[in-house]
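Each remark here refers to the structure printed beneath this line.
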Amino acid sequence: SNILTEFRDFANKPQQMAISLNFLNDRDIELKGNLTGFNYDNDSKLNQVEGKVYFTSSTENKYDLTNIELTAENTELALLNGENTRLQLKNTTYKFNKNKENNTEKRDLTTKLSSDILRISNKNRPTEESQTTFGGLNISLNQQGVPSAVNFYNEFKKLSTGDQNIRNGVDLLISILTKNDYFDSKVSVISVNAPKKQKPYFNLQNGNIALKLDNTDLTKSNANFELLVRSVKQTPEDNAQKWDAKDGKLRVQLKDYNIANELSLIPFFLETLTVKSPPSKDNKDFLHLKDKWVREFRENSNIDFSLHSLNLFENKITALTFNNKSRSESDQYSTSFTLNTKKISVPEQSMQIEDLSISIPLKLNDPRSYWSSAFCLGAYETLCQTYLTTATQEKYLNNAWSDLNFILDHANVTFNLNTSPETKAYPVKFEANGMMTKAPEDAKSSQGWSFLDRIEGLLRISFDKRLVEIQDEKTSKIKELSSFWSMIQSKIKPYDTILPAFVAEGENYVAKFEKNDNGYFINGKSFDEIEQELLIEEESSSEK
């Protein structure tokens, strides 16, 4: 069955539409159509639209939509009459597929959207030269095991009514992300250009974002996030503020993470937008969720970040990598941080750091006591300020320091320090081992206990002697013009005499700072021994 019709759209523009209705078999119907255009109003319109829609019978008198394919040569969408935001898309394709799982009430949904060009404009950016432009945009969503009771149309409909608010938008996002067994999404773009004052300002090339979620059990969900960017730069008029980065990669993996507890806190976050005054008493519902979060929290995560190069305000970082691993156990929480970079160059200070390596392994003992007290720090600070009294917040803050109980096992920082322009690089090394014990209960309420009383450890600092010795004429001229090198020379070797804390060991100057049950020590000597040696030196000098 074919239908051809001419009509006038809402803007009184003449349009043509052709529709083809095909009964493919006793179960499937194909609906094809093309439309010259459609103007919803003077700001929102479509041009050259083609589409295919497939229906499959689910009962004798009921058909279920299973597939949609739509293309549009030009699309313009105005939000709030286009004054705040106007979207313009060129050569746009939309695809949707629904597949019902056998013998279940669940569905698999696939959604894809692509556009050669997406422009974002408003009343202050009416020309193409001033608009933010996305080139080669592709979006895909794959939702497996969506319950039939979930109706995304109703969620979208809430946003299209006059009752638009942040809560409805958040509810829709949560439904899309978590009301399924498995979620897989990808967003890619060939280029992004955001001008400022009709001049190039921000540019991104070849960006990709991917998110995968295992939602079969939200109390121990698995998540994988990936961000890839070939290059990104910002070019303000002030050259000193320009920056660019190349080949950035970020990967985040979470295993057995309790997303359900995080979702239960979202309504409280939304309420903070309307609460204006601090509470007169603690919110019991919030405290219950806080205690549940602490009791059930576990984290097995891995974060990897790498960057080929970063030019930041005339400084440059080359071959940067970062990793953070965390693992929760019954009575211990382990986390480690590693950072490496080939070179950090700071021309303004005539210095550069080469082959930087940082490793910080930490083990937190009795972590749940600390998390209970430190809950109000960081991401949940706003919630605590809204639902807890000032007195309760202060109690948690004080307990966070007293409950801190960790072991630092072989942390180290190593690098070679050079001038810029390059002359000769010399090694510098920091090594640390230590621990902090939990404060006794009777000491928490006392003002007499010292924070340092709970710390034991050893810090070793070493660097090549030649770093602070007179160099060749070229090196000396470079260092004389740098406040950084002047500070190094004046603080570590003032008046051509090395600080007393450092002793010579072969080619290096070394200082060891230690704190244990017997007190404080520098290079194995107590403060009393050091003081006695200084008195003897002074007496010897006065006799001469």
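The values are calculated or read from the model by the stated rules, or taken from the named source; none is laboratory data. Every value quoted in this text rests on a predicted model; they were computed, and no experiment measured them. Cβ placement follows ideal geometry from the backbone for every residue including glycine, while neighbour counts extend to all protein chains displayed.
I'd like to know if the range 302-323 contains one or more residues that are surrounded by fewer than 14 Cβ atoms within 10 Å (Cβ to Cβ), part of a helix (DSSP H, G or I) and touching a residue at least 24 places away in the same chain (Cβ under 8 Å).
no
Output the number of the condition that residue 329 fails; it satisfies all remaining conditions of (1) surrounded by fewer than 16 Cβ atoms within 10 Å (Cβ to Cβ); (2) modelled with pLDDT of 95 or more; (3) more than 26 Å from residue 382 (Cβ to Cβ).
Among (1) surrounded by fewer than 16 Cβ atoms within 10 Å (Cβ to Cβ); (2) modelled with pLDDT of 95 or more; (3) more than 26 Å from residue 382 (Cβ to Cβ), residue 329 violates only (2).
Would you call residue 71 outside the structural domain of residue 176 (by TED's automatic domain parsing), of a type in the set (Val, Ile, Thr) and modelled with pLDDT of 95 or more?
Details: outside the structural domain of residue 176 (by TED's automatic domain parsing): yes; of a type in the set (Val, Ile, Thr): yes; modelled with pLDDT of 95 or more: yes.
So residue 71 passes the test.
Tell me which helices (runs of 4 or more DSSP H) are completely within the range 454-544 and hold 1 or more residues being of a type in the set (A, V, I, L, M) and without any contact (Cβ under 8 Å) to a residue 24 or more places away in the chain, or say none if there are none.
483-492, 527-543
Residues that are under 29 Å from residue 317 (Cβ atoms), at pLDDT 95 or above and touching a Ser or Thr at 6+ places or on another chain (Cβ under 9 Å), at least 3 per element: which strands (runs of 3 or more DSSP E) completely within the range 163-274 meet that?
Numbers: elements: 182-196, 199-214, 221-234, 243-257.
It comes to 182-196, 199-214, 243-257.
Quick test for you: out of 39, 47, 67, 74, pick the one residue that is more than 40 Å from the chain's Cα centre (by Cα) and of a type outside the set (Ser, Thr, Tyr).
Answer to the check: 39.
So, restricting to strands (runs of 3 or more DSSP E) that lie completely within the range 1-86, which ones have at least 3 residues that are surrounded by 16 or more Cβ atoms within 10 Å (Cβ to Cβ)?
28-39, 45-59, 62-79
Residues are listed down the side, and each one gets a yes or a no for (1) buried (at least 17 other Cβ atoms within 10 Å of the Cβ); (2) closer than 23 Å to residue 358 by Cβ; (3) touching a helix residue (DSSP H, G or I) at 6+ places or on another chain (Cβ under 9 Å):
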| residue | (1), (2), (3) |
| --- | --- |
| 395 | no, no, yes |
| 404 | yes, yes, yes |
| 409 | no, yes, no |
| 415 | yes, yes, no |
| 438 | yes, no, yes |
| 461 | yes, yes, no |
| 477 | no, no, no |
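When you look at residue 223, is it among the hydrophobic types (A, V, I, L, M, F, W, C), surrounded by 16 or more Cβ atoms within 10 Å (Cβ to Cβ) and under 23 Å from residue 340 (Cβ atoms), yes or no?
For residue 223, the condition - among the hydrophobic types (A, V, I, L, M, F, W, C), surrounded by 16 or more Cβ atoms within 10 Å (Cβ to Cβ) and under 23 Å from residue 340 (Cβ atoms) - is not met.
Please work out which one of (1) over 30 Å from residue 295 (Cα atoms); (2) in contact with a strand residue (DSSP E or B) (Cβ under 6 Å, 6 or more places away or on another chain) is the condition residue 347 fails and give its number.
Failed condition: (2).
Evaluate the following for residue 119: is it in a strand (DSSP E or B), touching a residue at least 40 places away in the same chain (Cβ under 8 Å) and not acidic (Asp, Glu)?
No; evaluated as a whole, the condition is false for this residue.
If you check every pair at least six apart or on different chains, which have Cβ atoms under 6 Å apart with a residue in the range 342-360 that is under 19 Å from residue 408 (Cβ atoms) and touching a residue at least 12 places away in the same chain (Cβ under 8 Å) first and a residue that is in a strand (DSSP E or B) and among the polar types (S, T, N, Q) second?
357/340; 357/414; 359/338; 359/412
Given the structure, is residue 320 under 30 Å from residue 393 (Cβ atoms), not acidic (Asp, Glu) and not assigned by TED's automatic domain parsing to the domain that holds residue 220? Quick ask: steps written out before the conclusion?
Values: under 30 Å from residue 393 (Cβ atoms): no; not acidic (Asp, Glu): yes; not assigned by TED's automatic domain parsing to the domain that holds residue 220: yes.
It is false that residue 320 is under 30 Å from residue 393 (Cβ atoms), not acidic (Asp, Glu) and not assigned by TED's automatic domain parsing to the domain that holds residue 220.
Going by the conditions given, is residue 348 of a type in the set (D, E, K, R) and either closer than 30 Å to residue 270 by Cα or under 27 Å from the mean Cα position of the chain (by Cα) (or both)? Lay out the reasoning, then the answer.
Values: of a type in the set (D, E, K, R): yes; either closer than 30 Å to residue 270 by Cα or under 27 Å from the mean Cα position of the chain (by Cα) (or both): no.
Considered against the rule, which asks whether it is of a type in the set (D, E, K, R) and either closer than 30 Å to residue 270 by Cα or under 27 Å from the mean Cα position of the chain (by Cα) (or both), residue 348 comes out as no.
In the range 122-139, which residues are over 20 Å from residue 204 (Cα atoms) and either of a type in the set (D, E, K, R) or touching a residue at least 12 places away in the same chain (Cβ under 8 Å) (or both)?
Matches in the range 122-139: 122, 123, 127.
Provide a single number: the residues in the range 196-218 that are charged (D, E, K, R) and surrounded by fewer than 16 Cβ atoms within 10 Å (Cβ to Cβ). It would help to see each step written out before you state the result.
Taking the range 196-218 first, the residues charged (D, E, K, R) are 196-197, 199, 212, 214, 217.
Keeping just the survivors that are surrounded by fewer than 16 Cβ atoms within 10 Å (Cβ to Cβ) gives 196-197, 199, 217.
Matching residues across the range 196-218 total 4.
Just give me the residues in the range 88-108 being touching a strand residue (DSSP E or B) at 6+ places or on another chain (Cβ under 9 Å) and modelled with pLDDT under 85, in sequence order. Outline the logic, then answer.
Looking only at the range 88-108, we keep the residues that are touching a strand residue (DSSP E or B) at 6+ places or on another chain (Cβ under 9 Å), and these are 88-101, 104-108.
Of everything in the range 88-108, those that are touching a strand residue (DSSP E or B) at 6+ places or on another chain (Cβ under 9 Å) and modelled with pLDDT under 85 turn out to be 100, 101, 104, 105.
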